[in-house]
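Have a look at the structure below before the remarks.
Any read-out appearing in this document is the output of simple, stated calculations on the displayed coordinates, not a laboratory observation. Note that the structure is predicted; figures quoted are calculated from it, not measured. Please note: Cβ atoms are built from the backbone with ideal geometry, for glycine as well, and neighbour counts cover all protein chains shown.
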């Protein structure tokens with residue numbers, strides 16, 4: 001006896017019940033009385049045959065002996081004969097002469113003959129019992145859904161339109177499932193076995209897979225294993241449909257991640273309910289995934305903004321500890337700039353024009369700062385503040401790096417459309433640094449070095465970098481400049497200041513043209 005006998009018998013019954021249910025749904029009672037009663041009778045007969053298949057005891061022959069015949073229930077020949085009569089009667093009263101309805105009746109008739117053909121191969125004449133003492137084997141039975149379970153799916157609203165892939169090696173099953181799914185408003189594609197299904201899934205996106213377990217080449221379980229191992233495909237929900245009642249295979253599919261399971265012949269109402277539930281869960285997961293992507297994008301954007309306003313090591317410390325400890329640094333060069341005449345230039349100009357000019361200048365200053373290893377701290381109006389030696393970026397002498405940066409900024413400002421003359425002040429020494437504020441973070445510096453650098457900028461002649469004697473002593477070998485003499489500074493008295501106009505040429509380089 002073939003081991004998948006019940007599977008083979010249930011397949012034509014699935015066609016009989018499925019097409020009859022669809023015809024009855026398309027043309028419900030009240031339109032044609034005999035039509036309605038005939039379809040109801042076909043469903044009753046199909047259900048009775050299905051119950052009989054479920055109750056069959058499959059005989060197993062001893063090794064090397066021919067299998068004993070299958071004893072079918074006594075009522076089956078009469079039920080099959082009546083099924084043929086009902087189909088023939090309905091062919092004569094097709095509502096409106098619809099060709100599609102006639103085709104469905106033909107499919108019911110073909111399924112009836114397929115069922116009879118299997119019985120002819122496997123069964124003894126009706127009523128003839130098997131000899132006693134023959135071992136039997138009962139296939140594992142999956143519990144059929146009750147009427148209450150089936151009706152539970154009727155209340156749910158239809159799912160949003162989706163793309164569904166039907167995978168089944170039986171053409172009648174594929175067509176039946178496709179029509180049920182299309183009636184729910186979904187788009188359907190079909191595959192005959194696992195390899196074809198995987199190829200379709202990799203070509204275009206799908207929202208749900210209806211997957212038969214028993215198929216040639218690559219069966220449903222093997223297909224499911226491949227799906228769940230693929231990062232791109234594992235999120236697609238799968239409903240397993242099979243005439244197989246092998247609980248272990250169904251359980252394995254659930255373990256592999258199948259969304260749900262339905263036995264064939266399937267209850268149409270329950271099929272629709274589970275399709276709706278699976279699609280609804282997928283839509284919820286998709287929305288959750290999109291929400292997480294937005295959160296991650298917002299986090300990345302927040303980190304980018306933090307890197308804009310805070311030094312890199314400060315951002316890392318803030319992310320790790322949710323706070324930033326104040327720090328003292330022994331040798332940091334602080335640079336301040338100011339545009340000569342900027343306040344007067346702004347008078348009478350639109351905010352957009354002022355912003356455009358200032359934006360172009362600041363962008364240039366930021367790029368120049370990066371090239372010289374300086375860290376931008378902030379801008380206040382047309383004033384730009386940066387530091388060298390604060391985070392260890394760049395290396396070398398912080399004071400010289402700040403002076404070189406300031407000189408390039410002066411050249412950049414002079415080359416803009418307005419031909420700005422920039423004042424730059426630089427001073428190097430110890431500073432304290434930290435993040436201040438709670439609702440709006442601001443990384444800032446304080447100490448005498450910062451105040452002195454600000455005074456250097458105020459004392460600088462336009463188009464030059466100004467430093468005091470201490471800083472000049474550090475950079476003089478690499479710079480060209482001249483003393484400005486003692487200059488009174490607010491809160492600091494008179495100090496000897498120096499003006500730096502250019503870097504000294506390196507060995508072998510020509511000096512500046514005069």
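What the table shows:
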| read-out | value |
| --- | --- |
| Dimensionless Rg/Rh of region 148-287 - Kirkwood Rh, Rg from C-alpha atoms | 0.92 |
| Per-residue Cβ neighbour rank within 10 angstrom, fewest leading, 367, 408 | 367, 408 |
| Estimated translational D of region 327-503 in µm²/s (Stokes, Kirkwood radius over Cα pairs; 25 °C; 0.890 mPa s) | 150 µm²/s |
| Inter-site label distance for residue 295 and residue 225 at 7 Å from Cα along Cβ, in nm | 3.5 nm |
| Computed lengthening from residue 200 to residue 444, 0.36 nm per intervening residue step minus Cα-Cα distance | 82.0 nm |
| Pairwise centroid distance, computed over Cα atoms, of region 165-240 with region 375-452, Å | 63 Å |
| Sites residue 37 and residue 287 - FRET efficiency at Förster radius 35 Å, r taken between beta-carbons, to 0.05 | 0.15 |
